[in-house]
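The values are calculated or read from the model by the stated rules, or taken from the named source; none is laboratory data. Everything numeric here is computed off the predicted structure, so don't read it as measured data. Note that each Cβ is placed from the backbone with ideal geometry, even for glycine, and that neighbours are counted across all protein chains shown. Keep in mind that these areas ignore ligands, DNA and RNA; they rest on the heavy atoms of the full protein, side chains included. Shrake-Rupley method; radii C 1.70, N 1.55, O 1.52, S 1.80 Å.
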Amino acid sequence: MSKKKNEIMVPAGVQQVLLHACCAPCSSAIVEWMLQHDIRPTIFYFNPNIFPREEYDIRKEESKRHAESLGLQWIDGDYDHQRWLEAVRGLEGEPERGSRCLQCFSYRLKVAALQAKELGLAYFTTTLASSRWKSLEQITEAGLRAQAAVPGTTFWAQNWRKGGLQDRRNQLLREYAFYNQQYCGCEFSMRVISCEFSAEGKV
């Protein structure tokens, strides 16, 4: 691993990477940073956790719009919410950052690793690690699980909040006028956010 400025650790020799993208706002600063450092990402939008379908489609179109504006390859993963529900069955009542989230990350990142291998890309990473609402430890564990499950791939474990990328994300959010969602994506995270807003008298 070599260290670039801004506290980002880059795997030695990497020039291309599969970037699992949860949404355009979280992707924007990461993609910009990669391009500035001669790393070309392929954007893989795979988020079957998102509910309802209308929400999924809005986020998908924003991600596609962002990638196309930069001339990057953008791949649409399948939306099979029922299969995702089966993957997290029994964990529905878990709190945010609990075991359901780890299972969700593991499910999505394994598919990302499979997509990277299919494309002949040795490395994959995820924008999930840019959110302050997520557990970096869980994301790293999920990525390493995916790496172990798909030989020939390597998870680029990186805290994408570092080096001013969080502030740059907020700037790009305004510049692109991105849709900015207010919950993680699944119906269970929506429930938690709704309860928090209700407790604060916002709903």
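Under a Cβ-Cβ cut-off of 10 Å, what is the net charge of the residues other than Ile43 that fall near it, where Lys and Arg count +1 and Asp and Glu count -1?
That works out to -1.
Give me the 1.4 Å probe accessible area per residue for the stretch 1-114, excluding ligands and nucleic acids, in Å².
Values: 5110 Å² over 114 residues.
Ligands and nucleic acids excluded, the figure is 45 Å² per residue.
Could you state the accessible area per residue of the stretch 128-189 in Å², with a 1.4 Å probe and every protein chain left in place?
With the other protein chains kept in place, the stretch 128-189 gives 49 Å² per residue.
Please compute the net charge surrounding Gln73, taking Lys and Arg as +1 and Asp and Glu as -1 over other residues with Cβ under 12 Å from its Cβ.
Summing Lys/Arg as +1 and Asp/Glu as -1 gives 0.
Sticking with the crude label model, points 7 Å out along Cα→Cβ, report the distance from Gln36 to Arg132 in nm, one decimal please.
2.0
Quick one: length gained pulling Leu144 to Ala177 fully straight, 0.36 nm per residue minus the C-alpha distance?
8.5 nm
Relative contact order for the chain: what percent, with Cα pairs under 8 Å and sequence separation of 6 or more?
RCO, the chain: 27 percent.
Given +1 on the Cβ of Lys and Arg, -1 on the Cβ of Asp and Glu, and no further charges, what dipole in debye does the chain carry about its Cα centre, rounded to the nearest 20?
Computed about the Cα centre, the dipole is about 560 debye.
Taking only pairs that are 8 or more places apart or on different chains, how many Lys pairs in the chain have Cα atoms under 23 angstrom apart?
Lysine pair count for the chain: 10.
Using Cα pairs closer than 8 Å and at least 6 residues apart in sequence, work out the relative contact order for the stretch 91-148, in percent. Numbers along the way, then the final one.
On the way: 44 pairs, mean separation 26.5, N = 58.
About 46 percent, as a whole number.
Antiparallel DSSP bridges in the stretch 1-116: what percent, to the nearest 5?
On the way: 3 of 11 bridges.
In the stretch 1-116, DSSP labels about 25 percent of beta bridges as antiparallel.
Run the helix sum for the chain: -39,500 (n - 2.57) per DSSP H stretch of 4+ residues, divided by residue count, reported at 222 nm to the nearest 500 deg cm²/dmol.
Values: 7 runs with 97 residues, N = 203.
When only DSSP H runs of four or more count, the value is -15500 deg cm²/dmol.
Give me the percent of DSSP beta bridges within the chain that run antiparallel, rounded to the nearest 5.
About 20 percent, rounded to the nearest 5.
Rounded to the nearest percent, how much of the accessible area of the stretch 55-99 (1.4 Å probe, protein heavy atoms only) is carbon and sulfur?
43
Whose amide H sits under 5 Å from the amide H of Thr42, counting only residues 5 or more places off or on another chain, with H placed in the peptide plane?
The answer is Val17, Leu18, Leu19.
Does a label point 7 Å from the Cα of Glu96, set along Cα-to-beta-carbon, have any residues of the stretch 43-58 with amide nitrogen under 17 Å, and which are they?
49-52
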